[in-house]
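*Asks:* Below is a structure I'd like to ask you about.
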Amino acid sequence: MFRRQFLASLATPLLGAPRFTTDPFTQGIASGDPLPDGIVLWTRLSSPQLNESLEVEWILAEDEGFKKIVKRGKEVATPQFAHTVHADVRGLKPARWYWYQFRCGGVESRIGRTRTAPAPNSQDPLRFAFASCQNYEQGYFTAYEHMAKEDLHLIVHLGDYIYEGGPSANRPRKHDSPEIQTLNDYRNRYALYRGDKDLRRIHELFPFVLTWDDHEVDNNYANDKEERGAPRDQFLERRANAYQAYYEHMPLRKSSLPRGTSLDLYRRLDYGKLARFHVLDTRQYRSDQPCGDGRKPQCEAALSAEQTMLGDAQEKWLMSGMKAAPQTWNILANQVMFAKIDARPGEGAEYSMDQWSGYEVPRQKLIQFFDQAKPNNPVIITGDIHSNWVSDIRTNSNANVGVEFVGTSISSGGDGIDLPFAEANFKKENPHLHYFLAKRGYVSCSVNIKEFKSEYRIVPTVTSPGSPIETRARFVVQAGTNRVEKA
Ligand SMILES: [Fe+2]
């Protein structure tokens, strides 16, 4: 690869001309946010003696053997951004695989594979998987070992990529520092997670589209409000640390460079005329969880018109982007459950105040928008709650206007448990609900212009490595129906 192609450039000393005594690429490589003509390539250099800016070279080829190199370039990895590299490669062909590699100080990274999005007019089918919630302490990332064998174009990660807490006892693995607060703490936490072989491998094999939930910063934070009520300035400083480390470690475009204590993360990605991904940020702009958070009846505050989940700007952006979408499917990459689930069996009702049910006015506004503006086939994909849920989204007068597939965690919550009676209870309280299962895994989706299929892939155990995988349920949405059926 590089050795052959870059013999000439070896004669020119690189900035800083490093001599690495250890492999600088131990945190892996990644790619993300595919466009029809572009992709982001990512890596981070790490080495004990690293404190200057270094030039990192990258090459991208049409074949695994790097016989046909089509792009190459250089990026400067600076200590200000933890020696991370975000190369925004353009001028590529649509819907095809590419292979890439980095080099610095004479050392080559492993080879990564990635894929561009289809051309704007394409109606080609799409296969993708979505995942969330990978608590390192609570289990192995075996689900990724199985995902790596799937025939996919893309992986969507819906948040809780890291967890912020300190170490806990009696877990299969351990966080290596107390609760993270500083920029350096957050960076080290990403390094710990990327030490996982299955996580590194899945990034090498597929492009990712990522968004965050709460644990990339702090459990159940809302905009500038910390979970336990830390002073605003203090929390915003912590949030800025967390946001910067997130940008540094994810294959994001420079449009997501942190600005002060903010970071623009919500964005759209189109897969031809087939699907439009609206990648949401339901943490940075939301109002505080009403009624003191937790699970309870919807109090007055949960029904208040003051409540916001997306903030005005993102809400308008979402609606106009959905309405204008020529694609068959509008896929909302969402964090917290959108369907309203009464979790109290029998009389009375209790809802999660951290989910959209704590934000009933904006939730109803979006449902009304689905009903009246009739954007093409809304499909909400969701993470956060470490369990699988499948729901129809209905108006108050029971018109079907969309569907929601909630995927479980990769590892958070440990092995999980089969509770058929719980599923029966939930269904009794919630007639729009089709499925519930509190086990670990991910969801594999297969989409064409006629149907959206989802398969719930489950690993029976995550507290020990090497679990097999099984498909526990299959669903299908026929275009034009906004209704989930068993497949
Ligand atoms: Fe989580």
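*Asks:* Sort through R200, R194, R171, R238 and tell me the only one that's away from the ligand (no atom under 16 Å from the Cβ), more than 17 Å from the chain's Cα centre (by Cα) and not polar (S, T, N, Q).
*Replies:* The conditions single out R238.
*Asks:* Taking the condition touching a residue at least 40 places away in the same chain (Cβ under 8 Å), of a type in the set (F, W, Y), under 28 Å from Q314 (Cα atoms) and out of contact with any Ser or Thr (no Cβ under 9 Å at 6 or more places or on another chain), does Y221 pass?
*Replies:* yes
*Asks:* Okay, moving on. Modelled with pLDDT of 95 or more and either touching a helix residue (DSSP H, G or I) at 6+ places or on another chain (Cβ under 6 Å) or crowded, with 21+ Cβ neighbours inside 10 Å (or both), is that true of F426?
*Replies:* No, not satisfied.
*Asks:* Next question. For T382, are the conditions met, namely being in contact (Cβ under 8 Å) with a residue 12 or more places away in the chain, more than 22 Å from F130 (Cβ to Cβ) and of a type in the set (S, T, N, Q)?
*Replies:* For T382, the condition - in contact (Cβ under 8 Å) with a residue 12 or more places away in the chain, more than 22 Å from F130 (Cβ to Cβ) and of a type in the set (S, T, N, Q) - is not met.
*Asks:* Kindly establish whether A245 is part of a helix (DSSP H, G or I) and either in the same structural domain as Y98 (by TED's automatic domain parsing) or under 17 Å from the mean Cα position of the chain (by Cα) (or both).
*Replies:* yes
Per-residue answers, yes or no, for (1) touching an Asp or Glu at 6+ places or on another chain (Cβ under 8 Å); (2) surrounded by fewer than 24 Cβ atoms within 10 Å (Cβ to Cβ); (3) closer than 30 Å to K273 by Cβ:
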residue: G321; (1), (2), (3): no, yes, yes
residue: A324; (1), (2), (3): no, yes, yes
residue: Q327; (1), (2), (3): yes, yes, yes
residue: M337; (1), (2), (3): yes, yes, yes
residue: E350; (1), (2), (3): yes, yes, no
residue: M353; (1), (2), (3): yes, yes, no
residue: N396; (1), (2), (3): no, yes, no
residue: G414; (1), (2), (3): no, yes, no
residue: D418; (1), (2), (3): no, yes, no
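*Asks:* While we're on this one: Can you pull out every residue in region 73-112 that is basic (K, R) and out of contact with any Asp or Glu (no Cβ under 7 Å at 6 or more places or on another chain)?
*Replies:* If the condition is that a residue be basic (K, R) and out of contact with any Asp or Glu (no Cβ under 7 Å at 6 or more places or on another chain), then K93, R96 are the ones that fit.
*Asks:* Where in region 395-487 are the strands (runs of 3 or more DSSP E), entirely inside, with at least 3 residues that are under 22 Å from N334 (Cβ atoms)?
*Replies:* Strands (runs of 3 or more DSSP E) meeting the threshold: 400-406, 433-447, 451-459, 470-478.
*Asks:* Still on this model: Please specify each residue of region 180-215 satisfying the condition of being in a loop (DSSP other than H, G, I, E, B) and within 17 Å of H86 (Cβ to Cβ).
*Replies:* Residues satisfying the conditions are P207, T211, W212.
*Asks:* Considering only residues of region 174-186 that are buried (at least 21 other Cβ atoms within 10 Å of the Cβ) and not hydrophobic (A, V, I, L, M, F, W, C), which is farthest from the ligand (Cβ to nearest atom)?
*Replies:* Y186
*Asks:* Among the residues of region 90-148, how many are under 24 Å from Q335 (Cβ atoms), outside any strand (DSSP E or B) and in contact with a strand residue (DSSP E or B) (Cβ under 8 Å, 6 or more places away or on another chain)?
*Replies:* Number of matching residues: 8.
*Asks:* Look at N330 and say whether it is in the same structural domain as G292 (by TED's automatic domain parsing) and touching a helix residue (DSSP H, G or I) at 6+ places or on another chain (Cβ under 7 Å).
*Replies:* In short, yes.
*Asks:* Name the single residue that is farthest from the ligand (Cβ to nearest atom) among those in region 383-411 being of a type in the set (S, T, Y) and either over 17 Å from V156 (Cβ atoms) or not assigned by TED's automatic domain parsing to the domain that holds P460 (or both).
*Replies:* So the residue we want is S397.
*Asks:* All but one of (1) part of a loop (DSSP other than H, G, I, E, B); (2) under 23 Å from A438 (Cβ atoms) hold for H175, so report the exception by its number.
*Replies:* Looking at each condition in turn, H175 falls short on (2).
*Asks:* Based on this model, can you work out whether A422 counts as more than 16 Å from the ligand (Cβ to nearest atom) and free of Cβ contacts under 8 Å to residues at least 24 places away in the same chain?
*Replies:* yes
The values are calculated or read from the model by the stated rules, or taken from the named source; none is laboratory data. All of these numbers come straight from a predicted model, not from anything done at the bench. All Cβ positions, glycine included, derive from the backbone under ideal geometry; neighbour counts span all protein chains shown.
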